[in-house]
Amino acid sequence: MNKYGAEFFGTFWLVLGGCGSAVLAAAFPNVGIGLLGVAFAFGLTVLTMAYAIGHISGCHLNPAVSIGLWAGGRFPANQLLPYIIAQVLGGIAAGGVLYLIATGKVGFDVSSGFASNGYGEHSPGQYSLHAALITEVVMTMMFLIVIMGATDKRAPQGFAPIAIGLCLTLIHLISIPVTNTSVNPARSTGVALYVGDWAVAQLWLFWVAPIIGGVLGAKIYQFIGCEKN
């Protein structure tokens, strides 16, 4: 159970830190952190948690990562479902805490987005469904390649959290305008449930695309890294 607890609290921190920065601080009058700040916030959540719980659960914090690592021969199938449940529950709990904080401001409207992921009219840059699909698949694919490479036993030891955290930062710098960046079904679910309506209706994409990308990335690394199942 300690692994599942670590995944719960790790994902809680990712959603609270990343989505919280977007909801509470990105456009704060005059001193808002902007998209660059939000991108770094997501990267920092993974970096800090990787050092905090990496030795306990592996610090997946993401169903697409767990499934990708399973596809790449790095994770047992019998732990997939418990990990995913813990991650999603952690994301939902963080979304609840963020909702309680955000609604403390007069005039706050959760329907305006609440850091939810979307496409079409709900994309920050009005990008289409196919653009969002390609973005999420490719970004998650690259994320898994970096994760598997950085944690390979042949890689320099002790630096994986830095590489992985910076990779997630870069992913956000690229794709926030397209989908508000998911690459993580638990992150998407954690805030979409509080928005309801369009956010839940479009949530399917932010499960399907990251999982496809995660599996692709793992298989690509198996090929280029000559890893065997």
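The values are calculated or read from the model by the stated rules, or taken from the named source; none is laboratory data. Not measured: the values here are computed from a predicted model. Quick reminder, even Gly has a Cβ in these numbers, built from the backbone with ideal geometry, and neighbours come from all protein chains shown. Only protein heavy atoms, including side chains, enter the accessible area calculation; ligands, DNA and RNA are left aside. Shrake-Rupley method; radii C 1.70, N 1.55, O 1.52, S 1.80 Å.
Points to keep in mind about this one:
- Condition check for Gly90: open to solvent by 10 Å² or more (accessible area, probe 1.4 Å) and out of contact with any Gly (no Cβ under 6 Å at 6 or more places or on another chain): no
- Count of residues meeting criterion [within 17 Å of Val88 (Cβ to Cβ) and open to solvent by 20 Å² or more (accessible area, probe 1.4 Å)] in region 18-52: 1
- Candidate set: region 187-225, residues that are among the aliphatic types (A, V, I, L, M) and under 20 Å from Met148 (Cα atoms); chosen: the one surrounded by the fewest Cβ atoms within 10 Å (Cβ to Cβ): Ile224
- Considering residues of region 104-113 that are in a loop (DSSP other than H, G, I, E, B) and surrounded by 13 or more Cβ atoms within 10 Å (Cβ to Cβ) only, the residue modelled with the lowest pLDDT: Gly113
- Odd one out for Ser116, checked against (1) buried (at least 22 other Cβ atoms within 10 Å of the Cβ); (2) in a helix (DSSP H, G or I); (3) hydroxyl-bearing (Ser, Thr, Tyr): (2)
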